[in-house]
Amino acid sequence: MSSKMNIRTGDTVMVITGDNSKDVGKTGKVLKVYPSAQRIVVQGRNMIIRHTKPRQQGQQGGRIEQEGTIHVSNCMLVCPSCKKPTRVGHTFIEKGDKKTKVRVCKKCGKNID
């Protein structure tokens, strides 16, 4: 399994498929990325309920709702310039005397980074 992912923390993604059908077609900001597991956490999407016990005196237990992880293949990056979900391409741009690899939108061709 490759640990290279085209989605980074802070990107906007659209959920294209998955277990939670009410999230399909909706967008959210990526909060956390787990490259080794190929999973991401998207703000307000794939909400799960954790049942917790109070561990310290004064701490409250109960049901806590939080975001669950989504496999990266179930999400598409939303291009910041054309605002459409897109596949990610790569290209090299020259800054001074060295080349840097950047992500580009496959639909409009603009730089994502």
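Of the residues that sit in the range 47-76 and are surrounded by 10 or more Cβ atoms within 10 Å (Cβ to Cβ) and among the polar types (S, T, N, Q), which one is nearest to Asn6 (Cα to Cα)?
Ser73
Does Asp23 satisfy the condition of being at pLDDT below 95 and either farther than 22 Å from Cys108 by Cα or hydrophobic (A, V, I, L, M, F, W, C) (or both)?
Taking the combined requirement at face value, the residue satisfies it.
What is the one condition in (1) β-branched (Val, Ile, Thr); (2) under 24 Å from Asn111 (Cα atoms); (3) not assigned by TED's automatic domain parsing to the domain that holds Asn111 that Thr91 does not satisfy?
Result: Thr91 passes all but (3).
Taking strands (runs of 3 or more DSSP E) that do not extend beyond the chain, which have at least 1 residues that are of a type in the set (Ser, Thr, Tyr) and touching a residue at least 40 places away in the same chain (Cβ under 8 Å)?
Ranges flagged: 12-15, 27-34.
The values are calculated or read from the model by the stated rules, or taken from the named source; none is laboratory data. Computed from a prediction, not measured in an experiment: that's the story for all the values here. We place every Cβ from the backbone using ideal geometry, glycine too, and count neighbours over all the protein chains shown.
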